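To start, the structure itself, in structure tokens.
The values are calculated or read from the model by the stated rules, or taken from the named source; none is laboratory data. Every value quoted in this text rests on a predicted model; they were computed, and no experiment measured them. Cβ sites come from the backbone with ideal geometry, for glycine too, and all protein chains shown count toward neighbours. Protein only, heavy atoms only, side chains kept; ligands, DNA and RNA dropped before computing areas. Shrake-Rupley method; radii C 1.70, N 1.55, O 1.52, S 1.80 Å.
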Amino acid sequence: MKPFPENIQGVLFDLDGTLLDSAPDLYAALKAQCEEMQVAAPPYEMVREVVSRGSRAILRCAFADADDAALLALMPRYLELYQAMMAEHTRPFDGVDELLASLESQGIVWGVVTNKPGFLTDDLLVRIGWAPRAAAIVSGDTLPVKKPDPAPVLLACERAGLDPSRCVFVGDDRRDVLAGAAAGLYTVAVRWGYLDGGDPSEWNADLVVDHPSDLTARVKVTA
């Protein structure tokens, strides 16, 4: 097993499914759109599993026969509905608040690298009070590429003034592990997220954890 970095400078996180349980609001927006279009809404668990893949995958749960062009046409209304309600039921996963507080108390900075569109990411982080606390926020449209490309992770390191070799990237999707590893960070896959139907133990992450408290106990300044 790859050794955990010593004297950690920072921890970067995926957002949906890693820090925040946003599936209830993402599902509520889809359900509202289905009601508008008089279409039966899919089961919640079906939607929750694909949250990490973004709004197109969420829409496909309800509109399985639609081609990509049709899904793209549905997306603006879906995102409008979601933005209106996206902080109603979205909450940090159990143990995340304590993890972030522990990092901050040690002077370890943290940031967010997400594939979520920037206007939603920025608005959501403001609503939950995290915007001033994050040292870097990189969204899915900040660059021309997104995870699993390492460029967004490297940009977050640059913005936060971090050495990638002294940083950790944490996520609930294989793409998080791929992006973090390619950027030279220590990678952590979490079991509490949406997982896209996958098994984190098969993603070749440097570490797999079951609960945020596992990271709180491990991420310490050692020098």
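This model, with +1 at the C-beta of Lys and Arg and -1 at the C-beta of Asp and Glu, gives the chain a dipole about its Cα centre of some 420 debye. The angle between the Cα long axis of helix 96-105 and the longest principal axis of the Cα atoms of the chain comes to about 30 degrees, rounded to the nearest 10. Only protein atoms count toward the accessible area here, which uses a 1.4 Å probe; on the chain, the carbon and sulfur part of that area reaches 52 percent. The residue 106 and residue 165 beta-carbon pair, evaluated with R₀ = 22 Å, returns a calculated FRET efficiency of approximately 0.75. If you line up the long axis of helix 23-37 against the longest principal axis of the chain, both from Cα atoms, how many degrees apart are they, to the nearest 10? So the helix axis and the longest Cα principal axis differ by about 20 degrees. Length available on full extension from residue 83 to residue 221: 0.36 nm per residue minus the Cα-Cα distance, which gives 45.9 nm. Its Cα gyration tensor gives region 1-121 an equivalent ellipsoid; the semi-axes, largest first and in whole Å, are 33, 14, 13.
The string of couplings for region 163-175 from the Karplus curve (6.51, -1.76, 1.60, θ = phi - 60°) is 7, x, 5, 10, 10, 10, 10, 10, x, 10, 9, 4, 4 Hz, one whole number per residue in order, with x for Gly and Pro. Summary value for region 1-91: 37 percent relative contact order, contacts being C-alpha pairs under 8 angstrom separated by 6+ residues.
Between residue 202 and residue 72, full extension at 0.36 nm per residue minus the direct alpha carbon distance yields a gain of 43.6 nm. Helix 68-85 sits at what angle to the longest principal axis of the chain, using alpha carbons and giving 0 to 90 degrees rounded to 10? Approximately 70 degrees, to the nearest 10. Measuring how big region 56-160 is from its alpha-carbon positions, Rg and Dmax come out at 16.0, 51 Å. Relative to the 2.2 N^0.38 Å rule of thumb, region 104-223 has a C-alpha radius of gyration ratio of 1.02.
Within the straight-line cut-off of under 16 Å between alpha carbons, the lysines reachable from residue 147 are 116, sequence neighbours fewer than 8 places apart in one chain being disregarded.
Rounded to the nearest 5, what is the percent of antiparallel bridges among the DSSP beta bridges in region 1-159? Taking every DSSP beta bridge with both residues in region 1-159, the antiparallel ones total about 20 percent. A viscosity of 0.890 mPa s and a temperature of 25 °C, combined with the Kirkwood radius over C-alpha pairs in the Stokes-Einstein formula, give the chain a diffusion coefficient of 139 µm²/s.
Label separation (residue 37 vs residue 7): 5.5 nm, computed from points 7 Å beyond Cα along the C-beta direction.
Taking 0.36 nm per residue of separation and subtracting the current Cα-Cα distance, fully stretching the chain between residue 126 and residue 191 would add 20.8 nm.
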